[in-house]
1. Output the residues belonging to segment 37-63 that are farther than 30 Å from residue 135 by Cβ and either assigned to a strand (DSSP E or B) or open to solvent by 60 Å² or more (accessible area, probe 1.4 Å) (or both).
2. Working only within segment 189-208, note down all residues that are open to solvent by 90 Å² or more (accessible area, probe 1.4 Å) and of a type outside the set (Phe, Trp, Tyr).
3. Out of the residues in segment 66-84 that are open to solvent by 70 Å² or more (accessible area, probe 1.4 Å) and over 13 Å from residue 115 (Cα atoms), which is farthest from the chain's Cα centre (by Cα)?
4. Restricting attention to segment 156-188, and to residues there that are in contact (Cβ under 8 Å) with a residue 60 or more places away in the chain and farther than 17 Å from residue 101 by Cβ, which single residue is surrounded by the most Cβ atoms within 10 Å (Cβ to Cβ)?
5. Which one of these is closer than 19 Å to residue 29 by Cβ and either open to solvent by 60 Å² or more (accessible area, probe 1.4 Å) or touching a Cys at 6+ places or on another chain (Cβ under 6 Å) (or both): 108, 128?
6. If you go through segment 111-125 one residue at a time, how many are among the small types (Gly, Ala, Ser) and either more than 21 Å from residue 63 (Cα to Cα) or surrounded by 12 or more Cβ atoms within 10 Å (Cβ to Cβ) (or both)?
7. Being among the hydroxyl-bearing types (Ser, Thr, Tyr), part of a helix (DSSP H, G or I) and at pLDDT below 90 narrows it down to one of 162, 201, so name that one.
8. Free of Cβ contacts under 8 Å to residues at least 60 places away in the same chain, out of contact with any Ser or Thr (no Cβ under 8 Å at 6 or more places or on another chain) and within 26 Å of residue 77 (Cα to Cα): does that describe residue 147?
Amino acid sequence: MRSRISLRLPSTILLVLLLLGYVATPARALKMIVNAQPAGSVTPRCIRNFVSKDSLVVVNVKTNGKKGDGQVLNMSIMDSVGNEYGRPKDVVGESRTAFTAHANAAFDVCFENIQQGSHSYGLNREIDLDIDIGADARDWNAVGQTEKLKPMELELRRIEESVDEIVTQMDYLRQREQRLRDTNESTNDRVKFFALGTLFSLLGLGLWQVAYLRQYFRHVQTVLQ
């Protein structure tokens, strides 16, 4: 008689897998409208995101309009530590920029819509911005075809890489918290020694004033006698 083996996962594991699948799902595109402004007074519109070092980032931009319509949309990508990843000029239609982050830092995707001509007023560009980071930025269809993975294996591979990214980010946050804690402890020690030094200085100054005033009054008493 054959025995049946029940392949049932605990509810906690299923819940974790569902949460990981939700976290690993890429965010929807962000829509914005950037008005055309004169060249001398252009205020960029920026979107900021955080990325870990050596992570793949893909910035997909889709805009309306056409070249020569009285406005020029320029884009720039730069992180908070000064690394520049691209400056596409006169972006029209669909644009894709991919780069690998050089540091654990926040990066900005900025748009400048420059007005062309003196009578081009009230113009704007509609932008659909989609930023994929890490596992979401990979072409999983190509990975599945190259490694000949089944759909379930491909999904598990994607979740595995997403989990690795979460673990890496948690390690970075832990190291950052440790550095901040060390800084706080060092600052606390310096403040403590400064307070003790100030206390001893005030105590010494008070004793010196008492001794000086005592000597002064003795001198005055001697002169009056």
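The values are calculated or read from the model by the stated rules, or taken from the named source; none is laboratory data. What you are looking at is a predicted structure, and each value in this text was computed from that prediction instead of being measured. Backbone-built Cβ (ideal geometry, glycine too); neighbour counts: all protein chains shown. Side chains included, ligands, DNA and RNA excluded: accessible areas come from the protein's heavy atoms. Shrake-Rupley method; radii C 1.70, N 1.55, O 1.52, S 1.80 Å.
1. Taking segment 37-63 first, the residues farther than 30 Å from residue 135 by Cβ are 37-43.
Hits for segment 37-63 are 37, 38, 39, 40, 41, 43.
2. The initial filter retains those residues of segment 189-208 that are open to solvent by 90 Å² or more (accessible area, probe 1.4 Å), namely 190, 192-194, 199-200, 202-203, 207-208.
Result: 190, 192, 199, 202, 203, 207.
3. 66
4. 158
5. Values: 128 fails: either open to solvent by 60 Å² or more (accessible area, probe 1.4 Å) or touching a Cys at 6+ places or on another chain (Cβ under 6 Å) (or both).
From the options 108, 128, the qualifying one is 108.
6. Within segment 111-125, residues that are among the small types (Gly, Ala, Ser) and either more than 21 Å from residue 63 (Cα to Cα) or surrounded by 12 or more Cβ atoms within 10 Å (Cβ to Cβ) (or both) number 2.
7. Details: 201 fails: at pLDDT below 90.
Criteria check complete, one pass: 162.
8. On the way: free of Cβ contacts under 8 Å to residues at least 60 places away in the same chain: yes; out of contact with any Ser or Thr (no Cβ under 8 Å at 6 or more places or on another chain): yes; within 26 Å of residue 77 (Cα to Cα): no.
No; evaluated as a whole, the condition is false for this residue.
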